[in-house]
Amino acid sequence: MIEQITAWADAHIATSPELAYVGAVAAVLAGLFVAWAAFGALKAFVRSIVNVFAMRGVSKDKTPGFRILLASAGSGRAARFVRRALTEHLERFSFGAPFRLCKAGRLPADAVKAERAARSRLRRSDADMILWAERSSGRPDGLKIRSISRGGGLSVVDAPLKTSTASGAHNRWSDDFAVALAYQLAKELQPALSQPESFRPERVHEIAEELNTLLKGDAGLSKDVRNELEDDFCAAALHVAEAGDDASFVDTVIKYRRAFIAATEGRTAEQVQARLDLGRALLAKATRGFDPSLVREAMTELELVAASMRGDLSIRRATQASNAVARGQSLLETRKRFQLNFGS
């Protein structure tokens with residue numbers, strides 16, 4: 001039986017030109033697929049080697065300043081926009097500190113693999129930050145800018161992955177948006193920017209002016225980003241006003257904070273910082289032109305803040321710890337005076 005089947009195959013299949021043609025085509029296609037796969041593997045290997053040497057070169061560069069890695073994630077136009085935003089605007093928020101932009105190659109399309117690769121390159125390069133842009137569409141949330149920053153002395157493992165969402169429409173990528181992006185990234189590099197009291201009032205005044213311009217314009221910012229910029233503007237403006245240098249932004253702070261409180265009516269936890277800012281702004285205004293009604297309104301806002309914080313367990317513990325430390329210091333000082341007066 002087997003011999004008969006073999007004889008039939010030799011007579012009808014082996015001698016068929018059509019099947020021979022199909023076999024030849026299949027062999028060619030298989031060869032092309034193998035060649036394509038081999039080329040892809042070789043390309044990935046070469047890219048990996050290039051990235052390793054590039055990151056090593058960055059780590060050996062001891063030039064003072066921030067080292068920022070710019071990776072690619074599919075959207076060349078978005079990557080160029082991010083580079084332009086940093087090149088043109090980062091310096092004004094870093095108070096002139098030098099920085100260097102370094103290419104970090106292409107990241108995988110998968111989000112988890114992209115983060116893993118980004119952290120690996122950040123560790124190998126010993127850079128301060130790595131960021132990349134992803135554009136999925138022209139929708140209001142079509143652009144995502146992801147960053148991992150070691151600002152504040154964080155390790156690569158502890159550095160958080162942050163994602164900023166904005167419009168994916170190219171015509172929304174304005175100069176104001178570029179400035180806002182540069183400011184956000186500067187804050188990640190220098191977390192102290194969120195604490196304006198850490199800087200001299202004249203320096204903070206420059207930041208307040210920049211943020212005020214952004215908030216007045218249409219920078220295409222998401223609601224969360226705008227709220228963050230508004231918080232930072234109010235903090236900077238109040239620091240300048242309370243230092244006695246300039247109270248020109250006080251009325252703007254009062255306007256923003258009253259609007260925020262009205263928009264978040266009933267959500268007490270979200271209003272604590274806004275009411276604190278409003279109370280401070282009203283007092284700053286009353287200091288320059290006494291108005292009893294402003295003082296009374298300020299006291300009302302501050303009393304609401306104090307009342308909402310009394311129930312916070314962490315604040316109570318902090319107060320108790322502070323009081324205990326004060327008692328300990330008092331005991332040490334009392335003992336020291338006793339030794340000076342009467343001996344041990």
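The values are calculated or read from the model by the stated rules, or taken from the named source; none is laboratory data. Bear in mind that the values here come from a model prediction, so they are computed numbers and not experimental data. Please note: Cβ atoms are built from the backbone with ideal geometry, for glycine as well, and neighbour counts cover all protein chains shown.
Being free of Cβ contacts under 8 Å to residues at least 60 places away in the same chain and either among the aliphatic types (A, V, I, L, M) or touching a Ser or Thr at 6+ places or on another chain (Cβ under 7 Å) (or both): is that true of ARG119 here? Explain how you work it out, then say what you get.
Numbers: free of Cβ contacts under 8 Å to residues at least 60 places away in the same chain: yes; either among the aliphatic types (A, V, I, L, M) or touching a Ser or Thr at 6+ places or on another chain (Cβ under 7 Å) (or both): no.
Judged against the criteria, ARG119 is not a match.
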- For region 229-237, state whether one or more residues are touching a residue at least 24 places away in the same chain (Cβ under 8 Å) and more than 16 Å from ALA281 (Cβ to Cβ). yes
- Item | Residue tally, condition under 13 Å from ALA104 (Cα atoms) and basic (Lys, Arg), over region 120-176 | 3
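Would you mind stating whether VAL325 is among the hydrophobic types (A, V, I, L, M, F, W, C) and either at pLDDT 80 or above or within 21 Å of ALA235 (Cβ to Cβ) (or both)?
So VAL325 fails the test.
For LEU283, indicate whether it is more than 24 Å from LYS216 (Cβ to Cβ), modelled with pLDDT of 85 or more and crowded, with 20+ Cβ neighbours inside 10 Å. Quick ask: steps written out before the conclusion?
Values: more than 24 Å from LYS216 (Cβ to Cβ): yes; modelled with pLDDT of 85 or more: yes; crowded, with 20+ Cβ neighbours inside 10 Å: yes.
Criteria met by LEU283.
Which residue, of GLN195, GLN184, is outside the structural domain of ASP141 (by TED's automatic domain parsing), modelled with pLDDT under 90 and at negative phi? Walk me through it before giving the result.
Working: GLN184 fails: modelled with pLDDT under 90.
One residue alone meets the criteria, GLN195.
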- Mind checking which residues of region 190-203 are surrounded by fewer than 23 Cβ atoms within 10 Å (Cβ to Cβ) and in a helix (DSSP H, G or I)? PRO191, ALA192, SER194, GLU197, SER198, PRO201, GLU202, ARG203
- Hey, GLN271 hits all of (1) modelled with pLDDT of 90 or more; (2) farther than 25 Å from PHE177 by Cα but one; which does it fall short on? (1)
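Looking at region 205-219, is at least one residue of a type in the set (S, T, N, Q) and free of Cβ contacts under 8 Å to residues at least 24 places away in the same chain?
Going residue by residue through region 205-219, those that are of a type in the set (S, T, N, Q) are 212-213.
Restricting the remaining residues to those that are free of Cβ contacts under 8 Å to residues at least 24 places away in the same chain gives none.
Within region 205-219, not a single residue is of a type in the set (S, T, N, Q) and free of Cβ contacts under 8 Å to residues at least 24 places away in the same chain.
Here is a yes/no grid of residues against (1) more than 28 Å from LEU214 (Cβ to Cβ); (2) among the aromatic types (Phe, Trp, Tyr):
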position: ALA247; (1), (2): no, no
position: ILE254; (1), (2): no, no
position: ALA259; (1), (2): no, no
position: ALA263; (1), (2): no, no
position: ALA281; (1), (2): no, no
position: PHE290; (1), (2): yes, yes
position: LEU294; (1), (2): no, no
position: MET299; (1), (2): yes, no
